[in-house]
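The values are calculated or read from the model by the stated rules, or taken from the named source; none is laboratory data. Here the structure is a predicted model, which means the values were calculated and not measured. In this analysis, Cβ positions are derived from the backbone assuming ideal geometry, glycine residues included, and neighbour counts consider all displayed protein chains. Areas reflect the complete protein model, heavy atoms only, side chains present, ligands, DNA and RNA absent. Shrake-Rupley method; radii C 1.70, N 1.55, O 1.52, S 1.80 Å.
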Amino acid sequence: MQIENSKMKMIQHLGLSQEPLEIGNMSTPVNFSSGLRRSIRSLIECIVPCCCASHPVASIFTPQQSHLLVMTRQHIPCPTKSPPVKSTVIGTFFGYCRGRVNFCLHNESCTTSTPLLLLEFTVLTAYLAKEMRHSLLRIALECNWQHAACSPPCHLFAVPIWTIYCNGRKLGFAVKKKMNEDDATLFEVMKSVSTGAGVLPEKFKKSEGELMYLRARFERVVGSVDSESFHLIDPLGITAQQLSVFLVRT
(Lines give C-alpha, C1' and ligand atoms only; values in the text may rest on other atoms or scores of the structure.)
Protein backbone atom coordinates (compact mmCIF):
# COMPACT_ATOMS: atom_id res chain seq x y z
CA MET A 1 0.00 0.00 0.00
CA GLN A 2 2.84 2.28 0.84
CA ILE A 3 4.44 1.51 -2.52
CA GLU A 4 1.27 2.49 -4.40
CA ASN A 5 1.02 5.75 -2.43
CA SER A 6 4.63 6.54 -3.32
CA LYS A 7 3.93 5.95 -7.00
CA MET A 8 0.88 8.20 -6.94
CA LYS A 9 2.85 10.99 -5.30
CA MET A 10 5.61 10.67 -7.90
CA ILE A 11 3.10 10.88 -10.76
CA GLN A 12 1.47 13.94 -9.21
CA HIS A 13 4.86 15.53 -8.73
CA LEU A 14 5.80 14.94 -12.39
CA GLY A 15 2.51 16.35 -13.58
CA LEU A 16 2.77 19.46 -11.46
CA SER A 17 6.46 20.07 -12.06
CA GLN A 18 7.29 22.95 -14.40
CA GLU A 19 10.84 21.79 -15.02
CA PRO A 20 11.68 20.04 -18.33
CA LEU A 21 11.93 16.30 -18.17
CA GLU A 22 15.37 15.04 -19.23
CA ILE A 23 14.57 11.77 -20.94
CA GLY A 24 18.01 11.42 -22.51
CA ASN A 25 19.61 10.70 -19.14
CA MET A 26 17.14 7.94 -18.44
CA SER A 27 17.96 5.64 -21.44
CA THR A 28 20.99 4.08 -23.14
CA PRO A 29 21.79 5.91 -26.44
CA VAL A 30 21.56 3.74 -29.61
CA ASN A 31 22.79 5.14 -32.97
CA PHE A 32 20.27 3.67 -35.43
CA SER A 33 20.98 6.19 -38.19
CA SER A 34 24.58 5.16 -38.96
CA GLY A 35 23.78 1.45 -38.86
CA LEU A 36 20.80 1.95 -41.14
CA ARG A 37 22.88 3.93 -43.62
CA ARG A 38 25.50 1.17 -43.75
CA SER A 39 22.83 -1.47 -44.35
CA ILE A 40 21.19 0.53 -47.16
CA ARG A 41 24.58 1.23 -48.78
CA SER A 42 25.48 -2.47 -48.75
CA LEU A 43 22.08 -3.38 -50.19
CA ILE A 44 22.41 -0.85 -53.03
CA GLU A 45 25.91 -2.06 -53.87
CA CYS A 46 24.58 -5.63 -54.11
CA ILE A 47 21.63 -4.68 -56.33
CA VAL A 48 23.08 -1.96 -58.59
CA PRO A 49 25.61 -3.20 -61.23
CA CYS A 50 29.23 -2.25 -60.73
CA CYS A 51 29.13 0.08 -63.74
CA CYS A 52 26.55 2.26 -61.95
CA ALA A 53 27.71 2.04 -58.32
CA SER A 54 30.00 4.64 -56.82
CA HIS A 55 32.12 1.90 -55.23
CA PRO A 56 33.45 -1.24 -56.90
CA VAL A 57 31.55 -4.46 -56.27
CA ALA A 58 34.68 -6.02 -54.81
CA SER A 59 34.37 -3.69 -51.79
CA ILE A 60 31.43 -5.71 -50.41
CA PHE A 61 33.54 -8.86 -50.29
CA THR A 62 36.21 -9.88 -47.84
CA PRO A 63 39.85 -9.43 -48.96
CA GLN A 64 40.07 -13.14 -49.79
CA GLN A 65 36.84 -13.02 -51.83
CA SER A 66 37.93 -9.86 -53.65
CA HIS A 67 41.22 -11.51 -54.66
CA LEU A 68 39.31 -14.55 -55.92
CA LEU A 69 36.95 -12.31 -57.92
CA VAL A 70 39.86 -10.52 -59.62
CA MET A 71 41.57 -13.82 -60.46
CA THR A 72 38.31 -15.18 -61.89
CA ARG A 73 37.83 -12.12 -64.11
CA GLN A 74 41.38 -12.47 -65.42
CA HIS A 75 40.74 -16.07 -66.49
CA ILE A 76 37.36 -15.48 -68.20
CA PRO A 77 38.05 -15.30 -71.97
CA CYS A 78 36.60 -12.21 -73.60
CA PRO A 79 34.55 -12.85 -76.75
CA THR A 80 36.49 -11.70 -79.81
CA LYS A 81 35.10 -10.93 -83.23
CA SER A 82 37.33 -11.68 -86.15
CA PRO A 83 37.92 -8.66 -88.42
CA PRO A 84 36.40 -8.75 -91.92
CA VAL A 85 38.58 -10.14 -94.72
CA LYS A 86 39.35 -7.61 -97.46
CA SER A 87 40.64 -8.06 -100.99
CA THR A 88 40.30 -6.43 -104.41
CA VAL A 89 38.31 -7.64 -107.41
CA ILE A 90 37.26 -6.27 -110.79
CA GLY A 91 33.55 -5.54 -111.08
CA THR A 92 31.73 -4.88 -114.35
CA PHE A 93 28.20 -3.73 -115.12
CA PHE A 94 27.28 -4.25 -118.77
CA GLY A 95 24.20 -4.61 -120.92
CA TYR A 96 22.40 -3.32 -123.97
CA CYS A 97 20.66 0.01 -123.46
CA ARG A 98 17.14 -1.39 -123.84
CA GLY A 99 18.07 -4.79 -122.44
CA ARG A 100 18.82 -6.24 -119.03
CA VAL A 101 21.96 -5.32 -117.15
CA ASN A 102 24.56 -7.87 -116.04
CA PHE A 103 27.00 -7.75 -113.16
CA CYS A 104 30.16 -9.83 -112.91
CA LEU A 105 33.17 -10.12 -110.63
CA HIS A 106 36.63 -11.22 -111.77
CA ASN A 107 39.90 -11.87 -110.06
CA GLU A 108 42.09 -8.81 -110.47
CA SER A 109 44.81 -10.93 -112.08
CA CYS A 110 42.65 -12.24 -114.95
CA THR A 111 39.49 -10.65 -116.35
CA THR A 112 39.05 -13.01 -119.30
CA SER A 113 38.59 -16.23 -117.34
CA THR A 114 35.34 -17.53 -115.86
CA PRO A 115 33.97 -14.86 -113.47
CA LEU A 116 33.77 -15.40 -109.76
CA LEU A 117 30.16 -14.27 -110.02
CA LEU A 118 27.97 -13.50 -113.02
CA LEU A 119 24.41 -12.27 -112.49
CA GLU A 120 21.69 -11.06 -114.84
CA PHE A 121 19.36 -8.46 -113.37
CA THR A 122 15.71 -8.03 -114.29
CA VAL A 123 16.53 -4.31 -114.41
CA LEU A 124 17.01 -2.43 -117.67
CA THR A 125 20.49 -1.09 -118.32
CA ALA A 126 19.10 2.38 -119.12
CA TYR A 127 17.33 2.53 -115.75
CA LEU A 128 20.46 1.55 -113.80
CA ALA A 129 22.53 4.06 -115.79
CA LYS A 130 20.01 6.74 -114.83
CA GLU A 131 20.33 5.80 -111.17
CA MET A 132 24.12 5.95 -111.43
CA ARG A 133 23.95 9.59 -112.43
CA HIS A 134 23.15 10.40 -108.83
CA SER A 135 25.98 10.56 -106.33
CA LEU A 136 24.84 7.56 -104.28
CA LEU A 137 23.89 4.05 -105.40
CA ARG A 138 23.40 1.09 -103.09
CA ILE A 139 22.51 -2.24 -104.65
CA ALA A 140 21.52 -4.87 -102.11
CA LEU A 141 21.03 -8.48 -103.19
CA GLU A 142 19.17 -10.50 -100.60
CA CYS A 143 18.29 -14.18 -100.36
CA ASN A 144 16.83 -16.50 -97.74
CA TRP A 145 18.99 -19.56 -97.09
CA GLN A 146 15.89 -21.69 -96.51
CA HIS A 147 14.69 -20.95 -100.06
CA ALA A 148 18.04 -20.60 -101.81
CA ALA A 149 17.76 -24.01 -103.54
CA CYS A 150 21.14 -25.00 -102.14
CA SER A 151 21.14 -27.05 -98.98
CA PRO A 152 23.16 -27.03 -96.80
CA PRO A 153 23.80 -23.27 -97.16
CA CYS A 154 26.27 -22.90 -100.02
CA HIS A 155 28.74 -20.15 -100.83
CA LEU A 156 27.10 -16.83 -101.62
CA PHE A 157 28.42 -16.94 -105.20
CA ALA A 158 26.49 -20.19 -105.74
CA VAL A 159 23.08 -18.81 -104.78
CA PRO A 160 20.91 -19.07 -107.93
CA ILE A 161 18.46 -16.19 -107.37
CA TRP A 162 18.47 -12.91 -105.45
CA THR A 163 16.01 -10.14 -104.63
CA ILE A 164 17.26 -6.73 -105.79
CA TYR A 165 16.97 -3.54 -103.76
CA CYS A 166 18.28 -0.29 -105.20
CA ASN A 167 18.67 2.51 -102.66
CA GLY A 168 16.08 0.76 -100.52
CA ARG A 169 13.54 0.17 -103.31
CA LYS A 170 12.71 -3.36 -104.43
CA LEU A 171 13.30 -3.60 -108.18
CA GLY A 172 13.12 -7.25 -109.12
CA PHE A 173 15.44 -10.24 -109.18
CA ALA A 174 18.96 -11.23 -110.13
CA VAL A 175 19.66 -14.69 -111.57
CA LYS A 176 23.00 -16.45 -111.58
CA LYS A 177 24.11 -17.37 -115.10
CA LYS A 178 26.97 -19.16 -116.80
CA MET A 179 29.37 -17.35 -119.08
CA ASN A 180 28.34 -17.84 -122.71
CA GLU A 181 30.18 -17.14 -125.96
CA ASP A 182 29.02 -13.53 -126.18
CA ASP A 183 30.19 -12.86 -122.62
CA ALA A 184 33.58 -14.44 -123.36
CA THR A 185 33.97 -12.21 -126.45
CA LEU A 186 33.03 -9.15 -124.42
CA PHE A 187 35.54 -9.93 -121.68
CA GLU A 188 38.28 -10.46 -124.25
CA VAL A 189 37.59 -7.07 -125.84
CA MET A 190 37.58 -5.37 -122.42
CA LYS A 191 40.67 -7.08 -121.04
CA SER A 192 42.73 -3.90 -121.41
CA VAL A 193 40.15 -1.83 -119.50
CA SER A 194 40.73 -1.68 -115.78
CA THR A 195 38.60 1.36 -114.97
CA GLY A 196 36.15 3.16 -117.18
CA ALA A 197 32.62 3.56 -118.47
CA GLY A 198 31.22 4.00 -121.95
CA VAL A 199 29.86 2.27 -125.03
CA LEU A 200 31.52 -0.65 -126.82
CA PRO A 201 32.31 -0.65 -130.59
CA GLU A 202 29.59 -0.72 -133.21
CA LYS A 203 29.88 -4.50 -133.79
CA PHE A 204 28.24 -5.10 -130.40
CA LYS A 205 25.20 -3.01 -131.33
CA LYS A 206 21.91 -4.91 -131.59
CA SER A 207 18.22 -4.20 -131.78
CA GLU A 208 18.28 -3.56 -128.04
CA GLY A 209 20.62 -0.63 -128.56
CA GLU A 210 24.27 -0.02 -127.78
CA LEU A 211 26.22 -2.11 -125.31
CA MET A 212 27.06 0.02 -122.28
CA TYR A 213 29.53 -0.85 -119.56
CA LEU A 214 31.05 0.34 -116.32
CA ARG A 215 34.18 -1.37 -115.02
CA ALA A 216 36.18 -0.58 -111.89
CA ARG A 217 38.16 -2.07 -109.05
CA PHE A 218 36.07 -2.96 -106.02
CA GLU A 219 37.12 -3.58 -102.46
CA ARG A 220 35.66 -6.92 -101.44
CA VAL A 221 34.76 -7.18 -97.75
CA VAL A 222 33.81 -10.62 -96.44
CA GLY A 223 31.86 -10.08 -93.24
CA SER A 224 30.72 -13.68 -92.76
CA VAL A 225 29.55 -16.71 -94.72
CA ASP A 226 26.23 -14.89 -95.13
CA SER A 227 27.39 -11.38 -96.04
CA GLU A 228 29.81 -9.76 -98.46
CA SER A 229 30.05 -6.26 -99.84
CA PHE A 230 31.83 -4.61 -102.76
CA HIS A 231 32.78 -0.92 -102.74
CA LEU A 232 34.01 0.95 -105.79
CA ILE A 233 37.60 2.22 -105.69
CA ASP A 234 38.27 5.36 -107.70
CA PRO A 235 41.37 5.64 -109.93
CA LEU A 236 43.25 7.43 -107.15
CA GLY A 237 42.98 4.34 -104.98
CA ILE A 238 40.42 5.75 -102.57
CA THR A 239 37.49 3.53 -101.63
CA ALA A 240 34.45 5.54 -102.62
CA GLN A 241 30.97 5.01 -101.23
CA GLN A 242 29.08 6.26 -104.28
CA LEU A 243 28.60 2.72 -105.61
CA SER A 244 28.36 -0.37 -103.42
CA VAL A 245 26.92 -3.84 -103.90
CA PHE A 246 25.87 -5.97 -100.93
CA LEU A 247 25.19 -9.72 -100.82
CA VAL A 248 23.17 -10.74 -97.79
CA ARG A 249 21.69 -14.12 -96.87
CA THR A 250 19.08 -14.02 -94.11
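Can you give the FRET efficiency to the nearest 0.05 for S192 and E142, using r as the Cβ-Cβ distance and R₀ = 30 Å?
Details: r = 35 Å, r/R0 = 1.15.
E between S192 and E142, to the nearest 0.05, is 0.30.
Arranged from highest to lowest average of other beta-carbon atoms within 10 Å per residue, in what order do the peptides 129-140, 154-165 appear?
154-165, 129-140
Would you kindly find the accessible area of E108, with a 1.4 Å probe and non-protein molecules such as ligands, DNA and RNA excluded, rounding to the nearest 10 Å²?
So the heavy atoms of E108 present about 90 Å² to solvent.
On a full-extension model of 0.36 nm per residue, what is the gain between V85 and S227, subtracting their alpha-carbon distance, rounded to one decimal in nm? Numbers along the way, then the final one.
Numbers: separation 142, 0.36 × 142 = 51.12 nm, distance 1.13 nm.
So the extension gain works out to 50.0 nm.
Rounded to the nearest angstrom and ordered from largest down, what semi-axes does the equivalent ellipsoid of the range 107-169 get from its C-alpha gyration tensor (root of 5λ)? Walk me through the intermediate numbers first.
Numbers: eigenvalues 115, 70, 20 Å².
Output for the range 107-169: semi-axes of 24, 19, 10 Å.
So how far apart, in nm, are the two label points at S135 and T185 if each is 7 Å from Cα heading toward Cβ?
If labels sit at S135 and T185, their model points lie 4.1 nm apart.
Restricting to DSSP loop positions (anything but H, G, I, E, B) with no more than 11 other Cβ atoms inside 10 Å of their own Cβ, which chymotrypsin sites (Phe, Trp or Tyr not before Pro) remain in the range 98-147?
For chymotrypsin sites (Phe, Trp or Tyr not before Pro) across the range 98-147 that sit outside H, G, I, E and B with at most 11 neighbouring Cβ atoms in 10 Å, the list is empty.
Once the mean 1/r over all distinct Cα pairs of the range 155-250 is inverted, what Kirkwood radius in angstroms do you read off?
15.8
Taking H as built 1.01 Å from N, whose amide H comes closer than 5 Å to the amide H of G223, not counting residues under 5 places away?
E228, S229
Distance between Cα centroids, the range 178-231 to the range 125-142: provide it in whole Å.
After rounding, the separation between the Cα centres reads 15 Å.
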